[in-house]
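The values are calculated or read from the model by the stated rules, or taken from the named source; none is laboratory data. Computed from a predicted structure; not experimentally measured. As a convention, Cβ positions derive from the backbone with ideal geometry for all residues, glycine included, and neighbour counts pool all protein chains shown.
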């Protein structure tokens, strides 16, 4: 099979995370806005944020993207400017990060991730991240978790204003890094984004069914487990999130 380039999703694939964007999160964020003179109630802030985000998504979708991704901090900056506040861009970044931190209940690596990535790199694989995420906080989470130094390249959807399964997000990685489709294996936990998008551009795939996989998606097909999949198979499936098991399986797929 000879896969050389491994393309990873992040949340639900390498990272276990739980967030709650509840009333308390909006209350804390509204308090931050108020500290700088931008007075919103939590309900007003939430409604204004959603209205601005939806308007931007609609405009992007109608004009040039099927799956737009709008930078979170830009929406926050608009809400500061609406109240006549200067330095809205910097405050928007801070507000976005505060919102994210307030919403996180936990964020951690799945078992064996760092060891598996180090082993795969040592074996000659190149490791790429292709994540539907917001750079304003995901870049810092990668550093906190120790993942940034393990990857050869990091692609975050908010930088490209489109997200998986949009083919353009995959094509940006392929084009900018000079990758060959036949050398790539996409590894992700969502059939409708990670896997569907990769298949559409011709990549081989490995679907992981984890606790963060959307609940309407089927468990992994045991007949497509890398150890038993039929000869010539290019689309594999794995149940669980134990990278101490999955890492060696992927290494064998590349041999």
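May I ask you to verify whether residue 12 is touching a strand residue (DSSP E or B) at 6+ places or on another chain (Cβ under 9 Å) and either under 21 Å from residue 236 (Cβ atoms) or without any contact (Cβ under 8 Å) to a residue 12 or more places away in the chain (or both)? In short, yes. Are any of the residues in the stretch 111-125 in contact (Cβ under 8 Å) with a residue 60 or more places away in the chain and within 26 Å of residue 168 (Cβ to Cβ)? The answer is yes; a qualifying residue exists.
Taking the stretch 168-255 and the strands (runs of 3 or more DSSP E) fully enclosed by it, the elements with 3 or more residues that are within 20 Å of residue 117 (Cβ to Cβ) and assigned by TED's automatic domain parsing to the domain that holds residue 132 are at 184-188, 204-209.
Listed here are the residues, each with its yes/no results for (1) at pLDDT below 95; (2) under 21 Å from the mean Cα position of the chain (by Cα); (3) crowded, with 17+ Cβ neighbours inside 10 Å; (4) within 28 Å of residue 69 (Cα to Cα).
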position	(1), (2), (3), (4)
174	no, yes, yes, yes
195	no, yes, yes, yes
200	no, yes, no, yes
207	no, yes, yes, yes
214	no, yes, no, yes
217	no, yes, no, yes
238	no, yes, yes, no
245	no, no, no, no
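Being out of contact with any strand residue (DSSP E or B) (no Cβ under 9 Å at 6 or more places or on another chain) and at pLDDT below 95: is that true of residue 86 here? So residue 86 fits the description; yes.
Just to confirm my filter: which helices (runs of 4 or more DSSP H) fall fully inside the stretch 39-126 and include at least 3 residues that are in the same structural domain as residue 146 (by TED's automatic domain parsing) and surrounded by 14 or more Cβ atoms within 10 Å (Cβ to Cβ)? Full working, then the answer.
Values: elements: 42-63, 72-81, 88-103, 113-122.
Ranges flagged: 113-122.
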